[in-house]
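Have a look at the structure below, then the notes.
Nothing in this text is a laboratory measurement; each read-out follows from the coordinates by a stated rule. Predicted model only: the values in this text are computed from it and were never measured. Here the Cβ positions follow ideal geometry from the backbone for every residue, glycine too, while neighbour counts run over all protein chains shown.
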Amino acid sequence: MVHDTFQHAIAGGGPIFPDYTALVHISGISDPASPLDENLDARRILVDERDRCDTCGQVFAFLEAGYGGAFSFECTDPLVRESPRLAAEIARSFEFIDSYAARM
């Protein structure tokens, strides 16, 4: 099974199934003006401090539950894919996600 942090957020959250999950897709939605629903699917970006999907909370819930599978960014916004600084932006997103644990 694949867990998708964006889809989980728009579904209203609920239980996670780490024992049955092989891959967790992570992405963020930072646009504060639009409702958090499927209309934002094309605007999924790297995770940062403005994320509205509680992506970090979901990631660490999986880790705390013993999940040992893979995490993969699933960013659909063309601005992410076309960024000339993509490697640095990915690194910054990983740093932000890692820093979440320190704030817990």
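Here's the yes/no breakdown for (1) polar (S, T, N, Q); (2) without any contact (Cβ under 8 Å) to a residue 24 or more places away in the chain; (3) assigned to a helix (DSSP H, G or I); (4) surrounded by 15 or more Cβ atoms within 10 Å (Cβ to Cβ):
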position	(1), (2), (3), (4)
Pro32	no, yes, no, no
Ala42	no, no, yes, no
Val47	no, no, no, yes
Arg50	no, yes, no, no
Phe62	no, no, yes, yes
Phe71	no, no, no, yes
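Keeping to region 4-30, report how many residues are hydrophobic (A, V, I, L, M, F, W, C) and in a strand (DSSP E or B). Reasoning before the result, please.
Initial filter on region 4-30 (hydrophobic (A, V, I, L, M, F, W, C)): 6, 9-11, 16-17, 22-24, 26, 29.
Filter once more, keeping what is in a strand (DSSP E or B): 23-24, 26.
So the answer is 3.
Need the failing condition index for Tyr67 against (1) over 19 Å from Ala11 (Cα atoms); (2) part of a helix (DSSP H, G or I); (3) not basic (Lys, Arg), just the number.
(2)
Take region 1-15 and flag every residue that is crowded, with 17+ Cβ neighbours inside 10 Å and not small (Gly, Ala, Ser). Don't jump to the end; show me each part of the working.
Taking region 1-15 first, the residues crowded, with 17+ Cβ neighbours inside 10 Å are 3-6, 8-10.
Within region 1-15, His3, Asp4, Thr5, Phe6, His8, Ile10 meet the criteria.
Scan region 80-89 for residues that are under 23 Å from Pro32 (Cβ atoms), touching a helix residue (DSSP H, G or I) at 6+ places or on another chain (Cβ under 9 Å) and either touching a residue at least 60 places away in the same chain (Cβ under 8 Å) or in a helix (DSSP H, G or I) (or both) and report the count.
2
Condition check: free of Cβ contacts under 8 Å to residues at least 24 places away in the same chain, touching a strand residue (DSSP E or B) at 6+ places or on another chain (Cβ under 9 Å), farther than 19 Å from Ser83 by Cβ and not in a loop (DSSP other than H, G, I, E, B). Does Gln58 satisfy that? Spell out the reasoning first.
Details: free of Cβ contacts under 8 Å to residues at least 24 places away in the same chain: no; touching a strand residue (DSSP E or B) at 6+ places or on another chain (Cβ under 9 Å): yes; farther than 19 Å from Ser83 by Cβ: yes; not in a loop (DSSP other than H, G, I, E, B): yes.
Against the criterion (free of Cβ contacts under 8 Å to residues at least 24 places away in the same chain, touching a strand residue (DSSP E or B) at 6+ places or on another chain (Cβ under 9 Å), farther than 19 Å from Ser83 by Cβ and not in a loop (DSSP other than H, G, I, E, B)), Gln58 does not qualify.
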